[in-house]
Amino acid sequence: MTLADIARELELVARTGSDRMHVQVKRGYVSDLMSDVIGNARDGALWVTMQTHQNIVAVAVMKSLACIILVNEREPEEATVKKAELEGIPILISKMPAFELVGRLFGMGISGT
């Protein structure tokens, strides 16, 4: 399933990386602790978080993540947007809380493994 498919189905809004929406995604990870994401997220996963600062982009690049999804309509900081655009990391915004979003992603076939 592509990021575009996921965004369309879940009504996500792309803040950055709209040119990378063709990327295929099969798994995801949810955490607000960057050390947890660094230690446990797998390459190519999408990352669900409420963090908005620019360090999330560094973690996404380090782990080769497909995208970052911000929950609860949180908006990335301006510095985060600039860094994500520079690094080519899609940041998507969800109106849903993390629990609901992750449940819906799992229902769409996105697993944690």
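The lone criterion from (1) within 13 Å of residue 29 (Cα to Cα); (2) touching a Gly at 6+ places or on another chain (Cβ under 6 Å) left unmet by residue 90 is number (1). Quick check: anything in the stretch 66-73 among the charged types (D, E, K, R), at negative phi and at pLDDT 95 or above? No, the stretch 66-73 contains no residue that is among the charged types (D, E, K, R), at negative phi and at pLDDT 95 or above. Suppose we filter the stretch 40-87 for residues that are within 16 Å of residue 105 (Cβ to Cβ) and among the small types (Gly, Ala, Ser); how many remain? Of the residues in that region, 4 qualify.
Of all helices (runs of 4 or more DSSP H) completely enclosed by the stretch 16-113, which ones contain at least 1 residues that are surrounded by fewer than 20 Cβ atoms within 10 Å (Cβ to Cβ) and among the polar types (S, T, N, Q)? So that I can check it myself, show each step before the final result.
Details: elements: 34-40, 55-62, 78-87, 98-107.
Output list reads 34-40, 55-62.
The values are calculated or read from the model by the stated rules, or taken from the named source; none is laboratory data. The shown structure was predicted, so the numbers you read here are calculated from the model rather than taken from an experiment. No Cβ is skipped: glycine too gets one built from the backbone with ideal geometry, and neighbour counts run over all protein chains shown.
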